[in-house]
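Before any comments, here is the structure.
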Amino acid sequence: MATMDAFSNPAARLGFGTMDLTQATTYPMTRLTQNYELLTSLYRDNWIVQNIVATIPNDMIRKWYEIKSGIAPDYIDQMAKLERRTQLRKKLLLGMYWGRLYGGAVGVILIKGQNDMSQPLDLDMVLPGSFLGLQILDRWSGVYPEGELVTDPSDPDFGLPAYYTIRDDTTGYMVARVHHSRIIRFIGRELPWLEQVTEVYWGESELEAIYNEIVRRDNVAANIAALTFRANVNYIEADGLDQLLGTANTEMQRRFWNTLAAQSMMESNFGTRVINKGDAIHNTQYTFTGLPEVYDRVMMDVAGAARTPVTKLFGRSPAGLNATGEADMQNYYDYIDGLRENDLRPIIERLLPIMALSAWGMIPDDLDIKFPTMQTADAKEQAEITERNTATILSVYQNDLMDAATAMQELQAIGEETGIFSKISDESIEAARGQTYTNQRLMADPLAGLEMTGNQPREPNEEEQNGNF
């Protein structure tokens, strides 16, 4: 049985089925993502659109990942050199830029010697020095997902195209057919399944949900700028102006316009206006009260739609009494941390084995990555945090609630964030395993146990001195 539950008050013209103005509201399906010319024009012309496209990817990449593995430091340096040589960070940024702008882009994994890219990527065939980086193509640059989908549920690309055709749109010839294992996908906002199919398995442009807010902001800014031309308006009372303009001959009208032009020139040059005796001139000034608040509200709407704080999107300092913007930035950094884990981590984990084979010739069993925290404290706050945490660990250790190895591990964890205690080695931790604070003192001074129990050492008696005890 179908139900039709809704509020309606026909007498007051409120609710469903009435002649309420809100009932005339519709949301037509525009699919702005498919309008390549509009998206490109917006990006090239509007600095806010450029910030919307670039700010979040820049923050995602700014704190680069850290390799968590037992490999030697030299291996980390080799990986860093490979990333610089292939310009990996820049290529990932470009992929995220165009994915956010157009709703879809790909990074084709290039490996020396593997020319048949229609075959699945075989890690056993990745030789040292063979990783050449990524070739970034947006969805309008000749890359076309094919209709065949990945049917293996264990594949990370399950439900997505199995192959991508790359064509030269100037000639129409196919350049390559690429297997999905050699493709890194970048998309904007996620879409429901049927809309994904409509968008040929791409996502939605970030600008589609923000477009109306950008239009409002641009119009408000343009109107505010236009009002400045009317901030100070002079007008003159002229007797019989309607007859002059309506019935007078052309010569009289010409002389009238010449008079106005001469008065305007004199006012521009000398700041004065000469009029006939008895004529009246008036000045009207426009006040801009309330306009800054209106503009600020529009900016906040744009920033909210872009999921970026006003301070970052518009480059403005926090305003208001005792405003610091810390709460906004904390929420923003939490959002960036989520994007790094959900979007950037799968990309890095797909590329890392390839880069490891190219840089090191092998893949360590414990190879993993970690993203550092986005928000870091200044030197003073860092010192206070370190001192407080260190005192807490030391107190727990001195009360024998943890052994020396655990305490050193806790200090080592602090070092990962602050840089202090970062030189504590795993060998030192292993050597201290099972040692408590009390045992350490007893080993250093056997009489320390008496002090800790409240007893004082005594002189040995005669039998103890002679060894008879």
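The values are calculated or read from the model by the stated rules, or taken from the named source; none is laboratory data. Only a predicted model underlies this, so the values are computations on that prediction, with no experimental measurement involved. When we count neighbours, we look across all protein chains shown, and the Cβ atoms used for this are built from the backbone with ideal geometry, even at glycine. Accessible surface areas use protein heavy atoms only, side chains included; no ligands, DNA or RNA. Shrake-Rupley method; radii C 1.70, N 1.55, O 1.52, S 1.80 Å.
Observations on the structure shown:
- Ordering of 241-249, 330-338 by burial proxy (mean other Cβ atoms within 10 Å per residue, highest first): 330-338, 241-249
- All Cα-Cα separations within the chain were binned at 20 Å from zero, giving a P(r) of 15, 32, 27, 17, 7, 2, 0, 0, each value a whole percent of the pairs.
- Those GluC sites (Glu not before Pro) in region 176-237 that DSSP places in a loop and that have at most 10 other beta carbons within 10 Å: Glu190
- Lysine-lysine proximity count for the chain, Cα under 27 Å, sequence distance 8 or more or distinct chains: 28
- Restricting the chymotrypsin sites (Phe, Trp or Tyr not before Pro) of region 25-82 to loop positions (DSSP other than H, G, I, E, B) with no more than 16 neighbouring Cβ atoms within 10 Å leaves Trp64.
- On Cα atoms only, tilt of 379-398 relative to the major axis of the chain in degrees: 30
- A straight chain from Leu194 to Tyr173 at 0.36 nm per residue would run longer than the Cα-Cα distance by 4.6 nm.
- Added length on full extension, which subtracts the Cα-Cα distance from 0.36 nm per residue, Asp152 to Asp426: 94.5 nm
- Å³ per residue enclosed by the Cα convex hull of region 95-224: 146
- Relative to the current alpha-carbon distance between Asp301 and Asp45, full extension at 0.36 nm per residue lengthens the span by 90.1 nm.
- Taking the protein heavy atoms of the chain in the context of the full set of protein chains, the accessible area attributed to carbon and sulfur is 53 percent at 1.4 Å.
- Projecting the Cα atoms of Thr25, Ile61, Tyr36 onto the charge dipole of region 16-104 (Cβ charges, centred on the Cα centre) puts Ile61 farthest toward the positive pole.
- Each Lys and Arg adds +1 at its Cβ and each Asp and Glu adds -1 at its Cβ; summed about the Cα centre, region 102-258 shows a dipole of about 600 debye.
- Altogether, the Stokes-Einstein calculation at 20 °C and 1.002 mPa s, with the Kirkwood radius of region 48-114 over Cα pairs as Rh, returns a diffusion coefficient of 154 µm²/s.
- Residue (of Ala238, Phe288, Ile336) at the positive-pole extreme of region 208-347, dipole from beta-carbon charges: Ala238
- In region 44-84, trypsin sites (Lys or Arg not before Pro) in a DSSP loop with at most 13 other beta-carbon atoms within 10 Å: none
- Convex hull volume of region 212-370 per residue (C-alpha atoms, cubic angstrom): 275
- Ordering of 423-429, 25-31 by burial proxy (mean other Cβ atoms within 10 Å per residue, highest first): 423-429, 25-31
- Surface accessible to a 1.4 Å probe, per residue, for the residues of the chain, Å²: 63
- With Cα atoms as the point set, region 194-267 shows a radius of gyration and Dmax of 26.0, 71 Å.
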